[in-house]
Every structure is written in structure tokens, then in C-alpha cells.
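Since the structure comes first, as C-alpha cells, the remarks are kept for the end.
The values are calculated or read from the model by the stated rules, or taken from the named source; none is laboratory data. Predicted model only: the values in this text are computed from it and were never measured. Heads up, the Cβs are rebuilt from the backbone with ideal geometry, glycines too, and the neighbour counts pull from every protein chain shown. All accessible areas refer to the heavy atoms of the entire protein, side chains included, with ligands and DNA or RNA removed. Shrake-Rupley method; radii C 1.70, N 1.55, O 1.52, S 1.80 Å.
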Amino acid sequence: MKVPMISGRGLGHTGGTLDKLESIPGFCTTFSGDEIKRLLSEVGCCIVGQTKDIVPADKVLYSRRDVTGTVESWPLISSSIVSKKAAESLTALVLDTKFGKGAFMKTEAEARQLASIMVEASNSVGVKTAALLTRMDSPVGWAVGNSLEVIEAVQCLHGNGPADLRELVLQLGGHLLLLAEKVSSAKEGADMIACKLHDGSALQTFQQMCIAQGVSEEVAKELCEQNFTKVFRKSQHTTQLISPETGYVHEIDAMLAAEACLVLGAGRNNASDAVNHAVGIVLETTPGERLQAGTAWVTVHHDNEPLDEAVVQLLQRSLLVKHEVLNVTSRVVDVIV
């Protein structure tokens with residue numbers, strides 16, 4: 001089974017997969033079509049940027065959407081995504097369609113409509129497709145940032161990491177294996193992936209992919225060790241913010257958290273801006289947990305000193321604590337096929 005992934009860069013509050021992966025020293029995301037085929041043949045997977053040869057018309061249309069006020073056009077969003085997937089000659093595709101405060105789609109109804117359009121379009125060009133509707137009111141996992149999110153992902157590959165991230169990995173992967181006819185049910189697929197995370201084989205494949213995409217063997221090997229975080233550049237400073245009240249965490253607004261990270265330098269306001277791979281936030285609590293007044297609820301990784309007051313204000317506004325217990329449910333709301 002070959003799994004290619006063509007990703008993009010971040011703009012505004014959105015995080016780009018390529019920006020995150022390039023926080024790994026030496027990781028290259030620019031390859032030609034023939035080189036991508038070689039990566040898939042040698043490793044079985046790759047995460048790369050779009051090449052000039054893959055759906056060139058999409059680049060033209062994408063540049064026109066901004067000046068014509070059609071950035072939020074659902075048919076154009078769908079065609080842009082599906083055209084790239086079809087160009088990869090995929091046989092199966094799973095889409096993570098998020099909704100909520102930190103997502104492009106704010107309501108479940110909007111996400112359901114967009115997911116249905118994309119699933120129908122993908123199936124019409126011969127790509128068996130399913131879309132998972134997932135909640136994004138609070139950040140997935142503990143980390144928001146570039147290297148910080150890669151560290152979190154590698155923790156997951158080590159068999160650890162936050163429960164909600166692991167759930168998404170298992171659910172999305174399980175449905176992909178089902179569509180690819182490798183298993184008889186999504187649960188069987190999820191169980192298979194859980195085994196690969198537990199026995200270390202998923203981590204080994206990630207190591208091979210890193211080497212194939214330009215990372216030195218020494219660094220790639222360190223990523224598979226328990227103290228792998230030494231691979232990444234650290235921010236110059238860390239500051240913890242304190243909860244002003246006692247209660248249960250009901251929300252950590254994902255959009256406000258992302259905006260805070262943009263101020264830190266983790267994102268870009270213009271396509272030509274450089275990103276700071278080291279800065280961001282790590283949550284010390286998550287929705288549903290009890291939080292004591294006077295205890296730290298987030299650690300901010302920053303290079304500028306003192307910490308920008310705008311970052312503090314955005315983060316403190318993002319935290320909602322109530323006396324009532326919060327019943328935490330699955331991030332996965334539904335599956336559209």
C-alpha cells in the first residue's frame with residue numbers, strides 16, 4: 001500500500017504541514033514527479049509540496065480566488081482538493097473535515113455539506129472516498145506550533161501522545177484501510193494501526209521516510225530514541241500562564257490559540273514571510289480536566305522577551321473554566337461515505 005501526501009504551507013493562523021516538517025533538520029519537501037514515485041517505491045509513503053507538473057490549472061484558479069472574492073466558494077474548495085488527489089492516481093481517500101471555532105467551517109451543518117460535495121466529487125473520478133466530521137473548537141492534542149506539533153506527532157509514533165490525536169489517527173487510518181480493501185471493517189483497520197504504533201514499525205517507516213527526504217541518518221535515528229526532542233531547535237524562553245480560577249476546563253478556543261501563535265511568529269501574514277519553527281504553546285490541561293486556581297494551564301515558547309502582552313491576552317481569553325463538570329465526547333461526529 002502506497003500513501004502519498006501532497007501538502008501546503010501555512011498562511012495566517014493556519015498551520016502548514018510542510019512548515020512543521022521542515023522543523024526537522026534537513027527535511028526536504030520539494031520533489032519532482034519522478035522523485036515522488038521513487039520515494040513511494042523505496043519507502044511506501046511521502047509528504048511533499050505540490051509540484052509545477054501536478055494540476056497546474058489549480059494554481060491559476062487558486063490565485064484568482066483571492067481577487068474575485070471566491071476564497072470561500074465550496075465548489076472551488078472541493079475542486080481544488082479533489083483535483084490534486086485525483087492527480088495522484090489514488091484508489092482511496094479519507095478526508096478530515098473539521099468544524100468549530102478553530103476550523104474554516106464553523107458549524108457541523110456547513111462541514112457536512114462541504115464533506116458531501118467532496119466525497120461525491122472524489123467518487124465521481126474513481127477515488128473511493130469517505131469524510132470524517134471532527135470537532136475543532138479546542139486544539140487537537142497539547143501543542144500548537146511547528147516543531148512542537150512535530151514533537152507531539154513523533155510521541156504518537158512512539159505509542160504515546162494525547163488521546164484525542166491518537167483517536168483521530170486510528171479512526172482516519174482505519175477507514176482508509178477499509179476503503180483500500182485491506183480490512184473488513186474500520187475497527188479492524190484501527191486495531192491494525194494501533195498494533196503498528198505499539199510495536200514500533202510505524203516509527204521505523206517514519207524514520208525511513210525522513211532519510212529518503214533529506215534528513216541525515218544520525219538525526220533520523222535520534223527521532224526514534226526516547227530523548228528525541230533534542231533534535232529540534234528550542235525557543236529562547238518559556239513562560240507559563242496561571243489560571244485565575246478553580247473549576248473544570250470547558251474550552252480552550254482553538255482560533256484564539258492559533259492567533260496567539262501567529263503573533264509569536266509560528267505563522268505568516270504574507271506568503272513570503274518566514275516562520276519561526278521553535279515558538280508556540282503547549283497546553284498543561286485539556287477540556288474536561290479540573291483546574292486549580294494558581295496553577296499553570298499553558299506554557300508559551302517564545303523568542304522575544306518580555307512575552308508580548310497581545311499573546312497573553314489572546315490566550316487568557318481562550319480559556320473557559322466553569323464549576324460544572326464537562327462530559328468530554330469523541331471528536332469524531334460522523335462519517336460521510
Mean separation of Cα contacts under 8 Å, 6 or more apart, over the residue count of the chain: relative contact order %: 21 percent
Computed magnitude of the charge dipole of the chain (debye, nearest 20; Cβ of K, R +1, Cβ of D, E -1): 660 debye
Binned Cα-Cα distances of the range 1-62, short to long, each 5 Å bin given as a whole percent: 4, 17, 24, 25, 20, 9, 3, 0
Mean residue ellipticity (222 nm) of the chain, computed from DSSP H runs ≥ 4 via -39,500 (n - 2.57), nearest 500: -12500 deg cm²/dmol
Sites matching GluC sites (Glu not before Pro) across the range 149-209 that sit in DSSP coil, with at most 12 neighbouring C-beta atoms within 10 Å: E181
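Which whole number in µm²/s is D for the range 50-128 by Stokes-Einstein, with the Kirkwood Rh taken over Cα pairs at 20 °C and 1.002 mPa s? Mind dumping the intermediate values first?
Details: Rh = 13.4 Å.
The diffusion coefficient I find is 160 µm²/s.
With the Cα gyration tensor of the range 148-230 in hand, give its eigenvalues times 5 under a square root as the equivalent ellipsoid semi-axes, listed largest first in whole angstrom.
On the way: eigenvalues 124, 41, 19 Å².
Taking √(5λ) for each eigenvalue gives 25, 14, 10 Å, largest first.
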Rounded to whole Å, sorted largest first: equivalent-ellipsoid semi-axes of the range 267-318, Cα gyration tensor: 26, 13, 11
Surface per residue (accessible, 1.4 Å probe) for the range 143-235, Å²: 47 Å²
Cα-based convex hull, the range 1-143, per residue volume (Å³, whole number): 133 Å³
Overall Cα dimensions of the range 223-324 - principal axes, largest extent first, Å: 44, 36, 23
Difference of contour (0.36 nm per residue) and Cα-Cα distance, K322 to I242: 27.2 nm
Of I151, L165, G141, farthest towards positive along the dipole that unit charges on Lys, Arg, Asp, Glu beta carbons give the range 122-176: L165
Solvent exposure, largest accessible area first (probe 1.4 Å, DNA, RNA and ligands not counted), of K98, K85: K98, K85
Residue among G102, A86, M255 farthest towards the positive dipole end of the chain, charges placed on Cβ: A86
For the range 246-337, size of Cβ-based charge dipole, Lys and Arg +1, Asp and Glu -1, in debye: 220 debye
Per-residue ³J(HN,Hα) for the range 212-226, Karplus 6.51 cos²θ - 1.76 cosθ + 1.60, θ = phi - 60°, Hz, x for Gly and Pro: 5, 9, x, 6, 5, 4, 5, 5, 4, 5, 4, 5, 8, 9, 5
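Over 36 Å, how big is the tail of the calculated P(r) for the chain, in percent of all Cα pairs? Mind dumping the intermediate values first?
Numbers: 10311 of 56616 pairs.
Counting pairs separated by more than 36 Å, the tail of P(r) holds 18 percent.
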Angstrom value of the Kirkwood radius, inverse mean 1/r, which spans all Cα pairs in the range 90-180: 14.2 Å
Residue (of S116, N269, L291) at the positive-pole extreme of the chain, dipole from beta-carbon charges: S116
